[in-house]
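The values are calculated or read from the model by the stated rules, or taken from the named source; none is laboratory data. Since the model is a prediction, treat every value here as computed from it, not as a measurement. Cβ placement follows ideal geometry from the backbone for every residue including glycine, while neighbour counts extend to all protein chains displayed.
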Amino acid sequence: MFLDLLPASFQPADKHGRTPLFVAAPVSVHAVRCLLEAGADKDKATDDGLTPLFMAAQSDNAAAVRLLLLAGADKDRCTEEGRTPLFAATRDGNTEVVEHLLKAKAAADKADMDGRTPLHLAAARGFTGLVRSLLLARADVSRADLFGRNALLGAAANNNVEVVRCLLEARASAGGDGEEHPVVVAAQSDHLEVVRCLLEAGIGQEALLAHLLEWDDGGIMGDSQTTALVRAAHIGNTRVVEGLLLAGVARDPTDQLGRTPLFIAAGNGQVDIVRVLLLARADPNKEDRFSQTSLISAVHVGCVEVVRCLLAAGAAKDRADQHGHSPLFIAAGKGHYEAAWC
């Protein structure tokens, strides 16, 4: 019946330039096939530059995308906003469509009017598989948009840890600086795993240190009630902690729970940071709001090396928490026998 409706010669379009092939592309593979066989213009665009291929890609109609590509549809034709079918498919995470387009050699780096490429979208939205596919298609890993933001910044801002790792493996550069540096953006949002990934890759140590020092005014960081050194202890990077101490920040500030940087590092088993803080004369016996010391924090996780460092620095082994539980009591109860015998 569908074929019976086709005139001998046709390019019908509504007042917006939408053809039968355009409206069929998102929803019906059969209709797309019939229209193409009947000679429909595969690249006829609407007034705002939308093509049948763009609509099929955006709607995740992979079979229609494949038919249109086989028919020779322009895989890189842009809308008025500079968006290609690959851009549309990537934005919505349409994996199979993206693979069809890349296999057809669609331009992996074609940007929209804001300078954003498909890689920017995939990174910001956490589509790790698409990021890998685009990188294999030689997308520029460090390309910035018109606002100076690259894919790494987008991934960091949205806490997409696996994407960050993937981009770092591809040797992404930091791109931005100051408040637009990926490590600063991640730190501001408490995306600590992202911060750690960046620092481990050698990216952003100086930027993070400058950011922490800038906000460390009177011992408080912004609205978070967290000092720079407390934040650095959570991040767990020894050089950042050293940099803050060399800059003269207080060594025993506390967070809302009364925990010092030493307490936090001890509880995370970060022996190098514990040593740095103790060398700076951090107080090993300072208690949090629950009367817990750094030694108690360490025995909770059974970190023997940290326990030994604290004891050597004069930590009180008999100081109990608010429940009357001593470090020995806690270590024994948790089965941390080596820590109990330190």
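Data for the structure
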| quantity | calculated |
| --- | --- |
| Failed item, numbered, when residue 331 is tested on (1) at pLDDT 90 or above; (2) surrounded by 24 or more Cβ atoms within 10 Å (Cβ to Cβ) | (1) |
| Residue list for region 256-287, restricted to those being out of contact with any Ser or Thr (no Cβ under 7 Å at 6 or more places or on another chain) and either farther than 16 Å from residue 229 by Cα or in a helix (DSSP H, G or I) (or both) | 261, 264, 265, 269, 271, 274, 275, 277, 278, 279 |
| Filter pass, residue 97 being crowded, with 18+ Cβ neighbours inside 10 Å, modelled with pLDDT of 95 or more, within 28 Å of residue 71 (Cβ to Cβ) and β-branched (Val, Ile, Thr) | yes |
| Qualifying residue in region 146-154 (condition: assigned to a loop (DSSP other than H, G, I, E, B), in contact (Cβ under 8 Å) with a residue 12 or more places away in the chain and among the polar types (S, T, N, Q)) | no |
| Test: residue in region 237-249 that is surrounded by 24 or more Cβ atoms within 10 Å (Cβ to Cβ), assigned to a helix (DSSP H, G or I), on the phi < 0 side of the Ramachandran plot and small (Gly, Ala, Ser) | no |
| Enumeration of residues in region 117-126 that are surrounded by 24 or more Cβ atoms within 10 Å (Cβ to Cβ) and either assigned to a loop (DSSP other than H, G, I, E, B) or more than 21 Å from the chain's Cα centre (by Cα) (or both) | 117 |
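Residue-wise test of (1) within 19 Å of residue 24 (Cβ to Cβ); (2) in contact with a Lys or Arg (Cβ under 9 Å, 6 or more places away or on another chain); (3) acidic (Asp, Glu).
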position: 49; (1), (2), (3): yes, yes, no
position: 60; (1), (2), (3): yes, no, yes
position: 64; (1), (2), (3): yes, yes, no
position: 69; (1), (2), (3): yes, yes, no
position: 78; (1), (2), (3): no, yes, no
position: 88; (1), (2), (3): yes, no, no
position: 93; (1), (2), (3): no, yes, no
